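As structure tokens, the structure follows; a few thoughts come after it.
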Amino acid sequence: MAKRRPMASVEEMEAYMGYSIKSNEWMNTNCQRYYSDLELVSADVHSRTLREYEEEKKYRALCVQCQKTCEDFQSKIVQSDENEVTITRMAGPGHYVFDVKVFYNFGLLLSFLFTEGEVQKIIHHHLRFDSKEQAYCPLFILPKEIRDRIYEFATSTGTWEKPFDGPFLRNAAEGLGTCCGFYFPFKDCTLLGTCRRMRTEALALAFQRAKFCLDDIDEVIQFLIAAGTIGRQNIRALEFSWTSKSDQNRQWKNTPANDEFYPTLPSLHVEECTRLLQQCDGLSSLCLKFDDVTIADLSPEVLKENEGLRQLCSMHNLQNLHVVNTEGNPMEQMWVVEWLQEQLLSVCETRPPSERVV
């Protein structure tokens with residue numbers, strides 16, 4: 001059984017940060033919020049202050065001088081692509097003092113608790129996107145049909161590689177400044193960095209031709225936020241594991257200290273994940289990874305009644321579904337695979353041919 005690492009005492013955190021842990025009780029915990037890594041903001045004051053403590057240690061280790069550029073406003077609204085992001089600075093000390101709510105035009109609401117650095121990224125990319133500067137490029141003398149052929153040769157058909165320089169949600173925070181995915185990072189496609197107009201014309205094709213391999217549900221949410229409307233409408237192939245790091249951490253914390261910890265199917269973030277996936281009208285190929293031990297320990301009745309899997313089965317347009325274990329080996333012999341294929345692929349087959357994605 002894995003050992004739990006000791007937590008810092010209240011006295012250590014208060015001495016290090018310079019304010020009392022009780023001063024963090026101002027935060028309204030009635031609204032469920034998430035940190036930028038999709039960890040659930042705890043209702044426990046000690047847990048929230050521990051998060052502040054860890055953030056302060058990172059800032060000091062990096063010798064970051066936090067510029068208080070966001071203190072001038074109490075609230076700010078960023079509108080983009082028929083979506084709305086509201087930023088409200090809440091009273092109180094600490095790093096996590098910005099309540100960020102994302103209202104998507106398809107009815108999804110996401111609530112975050114961001115640091116000032118993350119809020120600065122939202123505002124920076126919103127202002128940057130509003131800029132209409134366009135460099136001259138002789139390529140636009142050519143007809144659109146020829147430019148499209150050039151874009152096909154210049155965009156990659158391989159697997160998209162996640163950025164290694166920092167937390168993955170860094171891109172999602174930046175993406176909230178536009179909500180359309182205009183600045184989504186395609187490192188291996190230099191064409192998209194040529195100029196604004198060329199990126200506008202070729203970005204959808206870049207999403208269509210790449211395969212996106214992600215670790216878990218948390219990364220899928222982060223990815224689909226960062227990809228924005230353009231990405232969600234043009235993604236064709238996606239692979240991820242039906243697990244959630246933040247949900248496993250929550251299960252771990254709720255497990256008595258003397259008990260063995262056995263992760264179960266995720267419940268946290270499942271609704272947000274499936275709601276975002278339902279907006280991927282062009283998604284035709286999906287590869288899901290399951291922990292075969294977890295699946296084998298659950299009865300068919302329990303799996304069929306699992307709310308997360310039921311929500312997953314509401315997706316449409318899928319033409320190819322692959323189910324593998326965490327090592328990437330096929331799981332065709334398990335009944336749950338046949339059930340998922342029947343549920344997911346039958347939705348596409350019942351749609352008129354004119355509505356299917358090819």
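We did not get these values from a lab; they are worked out from the coordinates using the rules stated. The structure displayed is predicted, hence computed values, not measured ones. No Cβ is skipped: glycine too gets one built from the backbone with ideal geometry, and neighbour counts run over all protein chains shown.
Observations
- 5 angstrom amide H check on THR159, placed H, neighbours 5+ away: LYS211
- Integer Hz, Karplus 6.51/-1.76/1.60 couplings in order for the stretch 267-284, x for Gly and Pro: 10, 6, 6, 5, 4, 4, 4, 5, 5, 5, 5, 5, 7, 8, 4, x, 5, 10
- Filter on LYS76/LYS187; LYS121/LYS245; LYS211/LYS253; LYS101/LYS144; LYS58/LYS245 - keep pairs with C-alpha separation over 28 Å: LYS76/LYS187; LYS211/LYS253; LYS101/LYS144
- Hz values of 3J(HN,Hα) by residue in the stretch 96-107 - Karplus curve (6.51, -1.76, 1.60), Gly and Pro given as x: 8, 10, 10, 7, 10, 10, 10, 9, 7, 6, 9, x
- Each Lys or Arg adds one and each Asp or Glu subtracts one; over the other residues with Cβ under 13 Å from the Cβ of CYS31, this totals +1.
- Fully extending the segment from THR86 to LYS211 would add 41.8 nm, taking 0.36 nm per residue of separation and subtracting the current Cα-Cα distance.
- Paramagnetic label zone (point 7 Å from Cα along Cα-to-C-beta, LEU139; backbone N under 12 Å) in the stretch 212-251: none
- Neighbour net charge for THR88 - beta-carbon separation under 9 angstrom, K R +1, D E -1: +2
- The stretch 139-355: relative contact order as a whole-number percent, Cα under 8 Å and 6+ apart: 16 percent
- Order of SER156, SER36 - criterion: other Cβ atoms within 10 Å of each residue's Cβ, fewest first: SER156, SER36
- Residues in the stretch 72-103 that a label on LYS253 would reach, taking backbone N under 16 Å of a point 7 Å out along Cα→Cβ: 96
- R0 of 25 Å, Cβ-Cβ distance THR326-LYS57: FRET efficiency to nearest 0.05: 0.20
- Summed side-chain charge close to PHE207 - residues other than PHE207 whose Cβ falls under 10 Å, Lys, Arg +1, Asp, Glu -1: +3
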